[in-house]
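Taken together, the values in this text are just the output of simple stated rules run on the coordinates, not laboratory data. Since this is a predicted model, take the numbers as computed values, not measurements. Here the Cβ is made from the backbone with ideal geometry for all residues, glycine too, and neighbour counts use every protein chain on show.
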Amino acid sequence: MGYQTASIGLTRDVNRSAVLRLIGIAGPIARTTIAARLGLSPATVTASTRELIDQPRYMPAEYAAILVDFRRRRDASAMYG
C-alpha cells in the first residue's frame, strides 16, 4: 500500500487556510512568526498572504484589516527597496 500525496493546489489551499486561521487566533502577527509557528517556509507564508490579499474572499473584518496591513508593508517595501 503506497502513500497518497496531495496535489499542489490542495497543499496551497491547506497552507492558506492555516495562515488565515492563525491570523484569526493571534491577531496582528509577523509573517516570520507565522512561518515559525506553522512550520512553513517564509516564502510559503508570503505566497499565502499575497493570495489572501490579492484574491479576497469573505472573511471577518479583523482578518481583512490584518491583511491590509501586510499589503501596506509589501507595497512600502517595493517602493523603498
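Using r as the Cβ-Cβ distance of ALA36 and ALA61, and R0 as 41 Å, what FRET efficiency do you calculate, to the nearest 0.05? Calculated transfer efficiency: 0.95. Each Lys or Arg adds one and each Asp or Glu subtracts one; over the other residues with Cβ under 13 Å from the Cβ of ARG74, this totals +1.
Given +1 at the Cβ of Lys and Arg, -1 at the Cβ of Asp and Glu and no other charges, the dipole of the chain around its Cα centre is 100 debye to the nearest 20. When each of the peptides 23-32, 6-15, 43-52 is scored by the mean number of other C-beta atoms lying within 10 Å of its residues, the order from highest to lowest reads 43-52, 23-32, 6-15. Pairs of Cα atoms nearer than 8 Å and 6+ residues apart set the relative contact order; for the chain it is 29 percent. Which one is right for this structure if volume of the Cα convex hull per residue in Å³ is calculated from it: (i) 90; (ii) 115; (iii) 98? Computed from the coordinates, volume of the Cα convex hull per residue in Å³ corresponds to (ii).
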